[in-house]
Amino acid sequence: MVIEHVHGVVDWKGGKLECPESGVELIVPESAIPFGTHQEIFIKVCKENQQNPPLDQEKKEALMSPLVMCGPQGLSFLCPVELRLPYQVQNFGTEGSDTNNFVLKSGSGTSWKNIELLRPPIRSPNDKFVSVLVNHF
């Protein structure tokens, strides 16, 4: 179930989409979209339900942020975009945990795959969000 939905049009100059209720942000830098073109982009924040990605309890996997969908699906960027996800401190980056075990998943229902991150996630200095770079949805 979608609990927050924002959309906007971004061009080659870049832009930012912000979800005011959840704190999810997408930052599209200059030149991520081909020169002279515009691209509609959306972010949907969803309530946890049966469609969540499967979690491996033996590996102590847990959802560290709201379930977020970005699109349109299949969109590729010319340079990485930054997705900022609010997170629960107890599920990420606590003492003894390894931020290299962070996984970004894509899919729905029973078909989920890991998205290769372009760099390890970076926590904000104020510990309110984690930032990941992606080059496609």
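Some observations on this one:
- Conditions (1) open to solvent by 50 Å² or more (accessible area, probe 1.4 Å); (2) modelled with pLDDT under 90; (3) of a type in the set (A, V, I, L, M, F, W, C): number failed by residue 42: (2)
- Residue pairs meeting the criteria (Cβ under 9 Å; at least 6 apart or on separate chains; first part of a strand (DSSP E or B), in region 123-136; second buried (at least 16 other Cβ atoms within 10 Å of the Cβ) and hydroxyl-bearing (Ser, Thr, Tyr)): 123/87; 129/65; 129/87; 130/65; 130/87
- Qualifying residues in region 73-105 (those that are polar (S, T, N, Q) and in a loop (DSSP other than H, G, I, E, B)) - the one modelled with the highest pLDDT: 73
- Only a single criterion out of (1) modelled with pLDDT of 95 or more; (2) open to solvent by less than 50 Å² (accessible area, probe 1.4 Å); (3) part of a strand (DSSP E or B) is not satisfied by residue 5, namely (2).
- Any pair with Cβ under 7 angstrom, 6 or more apart, that starts in region 1-21 at a residue that is within 14 Å of residue 77 (Cα to Cα) and ends at one that is among the hydroxyl-bearing types (Ser, Thr, Tyr) and assigned to a loop (DSSP other than H, G, I, E, B): 11/37; 12/31; 12/37
The values are calculated or read from the model by the stated rules, or taken from the named source; none is laboratory data. Because the structure is predicted, anything quoted here is derived from the model rather than measured. Positions of Cβ are generated from backbone atoms using ideal geometry, with glycine treated the same way; all protein chains shown enter the neighbour counts. These area figures cover heavy atoms from the full protein model, side chains too; ligands, DNA and RNA do not enter into them. Shrake-Rupley method; radii C 1.70, N 1.55, O 1.52, S 1.80 Å.
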